[in-house]
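A quick write-up on the structure given underneath.
A short reminder: the numbers here are calculations on the coordinates, not readings from a lab. What you see is a predicted model, and the numbers here were worked out from it, not measured in a lab. All Cβ positions, even for glycine, are placed from backbone atoms using ideal geometry, and neighbour counts span all protein chains on display.
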Amino acid sequence: MSFITQAQLKRIYYGQGALKSLSKETECAKKVLLLCSKSLSTTPLVGQVQQLCRAALTVTDISQHTPQASVDSAVQKAKSLGADVIVAFGGGSVVDGAKAISKGISSGDAYIPVIAIPTTLSAAEFSPGVGISQPDASGRIHKEGFSDQKCQPVCVILDPEVTVSTPEQLWLTTGIRALDHSVETLYTYNPVATPMALESIRTIFTQLPMSKRNPDALKPRADLQVAAWQSMFYVATTNTHAPSKHEMLSHTISKRIGAAYNVGHGISSCVCLPYVMRYMVEQDSDGELTAQLARIHRDALQKPTNGDRADALAAADAVQELIQSLGLPIRLSDIGVKEEDLDPILEKSVARSRKEGRQVDEQRQQSLKELLKSMY
């Protein structure tokens with residue numbers, strides 16, 4: 001086993017007031033392109049960010065799931081500007097947009113650097129992966145992605161103050177997305193990633209409800225930003241996912257749902273994660289994965305043990321109870337998925353699994369069909 005540090009990410013500033021570091025990070029830039037969402041562009045925060053980075057141009061048309069047309073338009077604007085730094089201020093779609101624009105305007109090995117100031121907990125800023133959406137032949141939106149190490153932001157600024165205006169549901173659901181990252185990181189058994197994932201899970205369980213109860217309190221928000229970082233710590237440090245013999249199935253299914261039904265990946269994690277956790281226990285032939293998931297119950301939530309299987313299933317129940325307690329959707333039917341849509345979701349999920357080199361025989365396909373029914 002090896003641990004190779006090859007990340008593009010060089011600096012992370014975190015804590016209240018961290019936003020001020022943006023001035024130093026862009027002091028040598030000549031033409032800064034600022035990317036943010038339309039909703040953020042109407043807040044006083046965007047003026048503060050514009051001033052700190054001396055933005056030469058602000059682009060606000062990157063919407064949910066990063067539409068290809070919006071990226072293409074922004075690439076042309078960035079080329080015309082001669083941008084030499086991109087600042088992404090917003091959620092995962094904006095950060096993915098910045099990464100895609102960096103790739104689109106760069107040539108050779110030297111990509112235009114990206115600085116990310118996230119306002120959600122999706123943790124896209126720590127990944128070299130990019131998801132882009134566009135309509136298929138039938139008009140339904142689908143999302144494809146790519147991974148390029150040179151796209152990863154060189155700097156991330158985690159300031160809880162910039163998250164206070166984030167809509168409550170977006171904040172909470174992206175917290176569940178970070179939880180999804182951490183839970184499925186456990187499938188890797190990686191000795192570096194596992195402790196970080198468990199600590200992230202512990203923090204999310206305690207601080208996400210606290211943040212809902214006290215939305216103006218900055219400490220829970222700051223703690224949750226660190227938890228999102230921990231959920232992707234291995235990826236942020238090595239610029240790649242830790243090898244796993246188990247498929248990150250919640251991610252596989254949720255990504256087939258998000259763009260197609262115009263819901264954020266945080267929402268799709270809400271309706272996938274607890275059911276997938278139970279499924280993984282049921283399908284575990286040697287008990288190894290069950291023992292790993294049981295650590296959520298024992299180590300992260302610090303509950304008394306009743307044996308690996310009982311603890312792993314209790315962990316899944318705890319995740320579902322957390323989602324429900326936050327007032328978030330818990331079933332596919334809650335987000336507009338129809339029963340007749342289950343087969344197309346299954347087909348796309350199976351196709352994705354096979355693309356990743358996973359074996360999906362008839363028995364596995366039938367069990368996945370039953371899983372989707374349980375999620376409905």
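In terms of modelled amide H atoms, which long-range or inter-chain residues lie less than 5 Å from the amide H of SER165?
Amide H to amide H, under 5 Å and 5 or more residues apart or across chains, SER165 pairs with nothing.
Report the one residue of SER138, SER93, LEU33 whose Cα lies farthest in the direction of the positive end of the charge dipole of segment 11-163 (charges on C-beta: Lys and Arg +1, Asp and Glu -1; origin at the Cα centre).
The residue sitting farthest along the positive end of the dipole is LEU33.
In whole Å, what is the distance between the alpha-carbon centres of segment 108-144 and segment 63-77?
Cα centres, segment 108-144 to segment 63-77: 10 Å.
Restricting attention to the alpha-carbon atoms of segment 136-211, what are Rg (one decimal) and Dmax (integer), both in Å?
Expressed in Å, the Cα Rg and Dmax of segment 136-211 come to 16.1, 45.
Give the residues of segment 69-92 whose amide nitrogen is closer than 20 Å to a point set 7 Å from the Cα of ARG54 in the direction of its Cβ.
Under cut-off, by backbone N: 78-89.
Over the chain, with a Gaussian network built from C-alpha contacts below 10 Å, which listed residue (ALA137, ALA98, ALA88) shows the highest mean-square fluctuation?
Per the Cα network of the chain with a 10 Å cutoff, ALA137 tops the list.
Rounded to the nearest 5, what % of the DSSP beta bridges within segment 68-221 are antiparallel ones?
55 percent
With each pseudo-label sitting 7 Å past Cα toward Cβ, what's the LYS219-ARG364 distance in nm, one decimal?
4.7 nm
Tell me what the chain gives for mean residue ellipticity at 222 nm when only DSSP H runs of n ≥ 4 count, each as -39,500 (n - 2.57), the sum divided by the residue total, rounded to 500 deg cm²/dmol. Before the final figure, lay out each step's value.
Values: 15 runs with 188 residues, N = 376.
So the helix-based figure for the chain works out to -15500 deg cm²/dmol.
Could you order the peptides 9-20, 114-125 from most to least packed, using the average number of other C-beta atoms within 10 Å per residue? Working shown, then result.
Details: 9-20: 15.3, 114-125: 28.9.
Averaged packing, sorted descending, gives the order 114-125, 9-20.
List, in order, the whole-Hz ³J(HN,Hα) value for each residue of segment 186-198 obtained from phi through the Karplus relation with A = 6.51, B = -1.76, C = 1.60 and θ = phi - 60°; use x for Gly and Pro.
Once rounded to whole Hz, the list reads 4, 5, 7, 6, 6, x, 8, 6, 4, x, 5, 5, 5.
Can you give me the three principal axis dimensions of the chain from its C-alpha atoms, in Å, biggest first?
Between the extreme Cα coordinates on each principal axis of the chain lie 58, 47, 42 Å.
So, in Å, what gap is there between the alpha-carbon centers of segment 341-359 and segment 220-273?
18 Å
Helix 265-283: angle to the longest alpha-carbon principal axis of the chain, degrees 0 to 90, nearest 10?
Result, in degrees: 30.
Going by the alpha-carbon gyration tensor, a ≥ b ≥ c the square roots of its eigenvalues, is segment 1-145 rounded (a/c under 1.5) or, if a/c is not under 1.5, prolate (a/b greater than b/c) versus oblate?
On the way: a/c = 1.41, a/b = 1.18, b/c = 1.19.
Judged from the Cα gyration tensor, segment 1-145 comes out rounded (a/c under 1.5).
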